[in-house]
Each structure stands twice: as C-alpha cells, then as structure tokens.
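Visitor: Dropping a structure here in structure tokens format, bear with me for questions.
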Amino acid sequence: MRGQECPRHTAGMIEQVMRKLFHLDSPSEPYTADAVVLSCFDARIATVVRKLLRKRGIERPDMVIVAGGAKTLASPRNDFEQDFILEQVRMSIRLHQTPRVILTCHSDCATYGGLAFYNGDRAAEAAHHAEELRRAAKLVLATFPEVQVERYLIDFEGVWDVPAESGGASTFELSA
C-alpha cells in the first residue's frame, strides 16, 4: 500500500519521536460545520459560549477564539487582525461548508478597557457592544453574502440577541 501505511506501523514510527499521553477515538472523516463562532478568549465566558451553542443547535462549531471576539472585525487594532479573522471565516466556509457565522462580544472585555471604560455604566457598554456587533456583521455579510450571521452580547447575567438594526426586536431568547 504505497502512500498508505498501516495504522499500527505509523503509530510505531510516531512513538519513536514522541510519547502518547492518552488514547482518543475521534471521527476522522470530513465534516460540515454548523457555524463558525468568533469569541473572546476570556475564560469567564467559555462555559456560556458552549451553552449558547448547544441551545442554538450547534454541534460542530469551527471556533475562532481571540482577544476581543467580534471587536477584531468591528474595530481592529490593525489591518492584520481583521484580515486574519476574515481568512479564518473564509477557510471555515471553504473547508467545512459553514452556513452560519456567530459573533460574540462580552461585558467587561479587557480589549475595550473593561467596564471601567464605560464608567461602570452597563447600559452604555451594552449599547456600544451592540453597535460593534452590527458593524462586524455588516463586514461579514459584505465579504460572505451567502452566510447567515447571528450577534450575541454575553454579560454576567445572560446572553442577549442583538438585532441587525438598532431598536429592532430580538429573534431568540435563551431560557435557563
């Protein structure tokens, strides 16, 4: 079998250069991602993001986890940051036929200066994050018009669906 080694032989070759920590049975076939998810790397929101994905029926997400989450698209620190994120979305769509993009921001995000940047005003912070999420969504849709985009603000009391336009009604509610 030229080009295809037997798994046992391959494992033996690998063990010559590294040590296996534990065994894992994971599907190796290609998959279609349910969504590409852009989220901040802040550990305080990781569990909430996983819960949000479960409630939205996302079983196979392509995760893009970076400081600031959707801020990297809405108000990036530099062009590289925005280009990098758009390339990750592009790769998810191309490699995994991803139909949805989920954008998130969260309260007290250090990349914005935390809640202190808003002088402790949670309403001002939420309004700013909502506009950032809308700006990020517009960029994603302008670049990838074939995808559906969802926008969520995560705070320490729940997850908020941000409508496409300010003043619009939310389309999704999370129950506990």
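Visitor: Looking at the range 115-138, I want the residues that are farther than 17 Å from Ser39 by Cβ and have a partner that is surrounded by fewer than 18 Cβ atoms within 10 Å (Cβ to Cβ) and basic (Lys, Arg) with Cβ atoms under 9 Å, at least 6 apart or on another chain. Which pairs are those?
Guide: Short answer, once both residue conditions are applied: Leu115/Arg122.
Visitor: Between a first residue in the range 62-75 that is at positive phi and surrounded by 24 or more Cβ atoms within 10 Å (Cβ to Cβ) and a second residue that is in a loop (DSSP other than H, G, I, E, B) and not aromatic (Phe, Trp, Tyr), which pairs have beta carbons less than 9 Å apart while being 6 or more apart in sequence or on different chains?
Guide: Final answer for the pair search is Gly68/Cys40; Gly68/Ser75; Gly68/Pro76; Gly68/Arg77; Gly68/Cys109; Gly69/Cys40; Gly69/Asp42; Gly69/Cys109.
Visitor: Can you confirm whether Glu59 is under 17 Å from Leu133 (Cβ atoms) and not hydrophobic (A, V, I, L, M, F, W, C)?
Guide: Numbers: under 17 Å from Leu133 (Cβ atoms): no; not hydrophobic (A, V, I, L, M, F, W, C): yes.
No, not satisfied.
Visitor: Quick one: Asp108 ticks every box in (1) charged (D, E, K, R); (2) over 30 Å from Arg122 (Cβ atoms); (3) in contact with a Gly (Cβ under 7 Å, 6 or more places away or on another chain) except a single one, so which number is it?
Guide: (2)
Visitor: Taking the options Leu139, Leu73, Leu115, name whichever one is touching a helix residue (DSSP H, G or I) at 6+ places or on another chain (Cβ under 8 Å), closer than 19 Å to Val48 by Cβ and at pLDDT 95 or above.
Guide: Answer to the check: Leu115.
Visitor: Evaluate the range 87-110: report whether one residue or more is over 14 Å from Cys40 (Cβ atoms), modelled with pLDDT under 95 and more than 15 Å from the chain's Cα centre (by Cα).
Guide: Scanning the range 87-110, I find no residue that is over 14 Å from Cys40 (Cβ atoms), modelled with pLDDT under 95 and more than 15 Å from the chain's Cα centre (by Cα), so the answer is no.
Visitor: Looking at the range 31-59, I want the residues that are more than 16 Å from Asp161 (Cα to Cα) and have a partner that is modelled with pLDDT of 95 or more and in a helix (DSSP H, G or I) with Cβ atoms under 6 Å, at least 6 apart or on another chain. Which pairs are those?
Guide: Thr32/His96; Ala33/Ser92; Ala33/His96; Val36/Val89; Val36/Ser92
Visitor: Also, I was wondering about something else. Specify the residue that is surrounded by the most Cβ atoms within 10 Å (Cβ to Cβ); the eligible residues are those in the range 115-139 that are small (Gly, Ala, Ser) and under 20 Å from the mean Cα position of the chain (by Cα).
Guide: Of everything passing the filter in the range 115-139, Ala136 is surrounded by the most Cβ atoms within 10 Å (Cβ to Cβ).
Visitor: I want to confirm something. Restricting to the range 30-41 and keeping residues that are surrounded by fewer than 19 Cβ atoms within 10 Å (Cβ to Cβ) and modelled with pLDDT of 95 or more, which single residue is farthest from the chain's Cα centre (by Cα)?
Guide: Thr32
The values are calculated or read from the model by the stated rules, or taken from the named source; none is laboratory data. Every value quoted in this text rests on a predicted model; they were computed, and no experiment measured them. Here the Cβ is made from the backbone with ideal geometry for all residues, glycine too, and neighbour counts use every protein chain on show.
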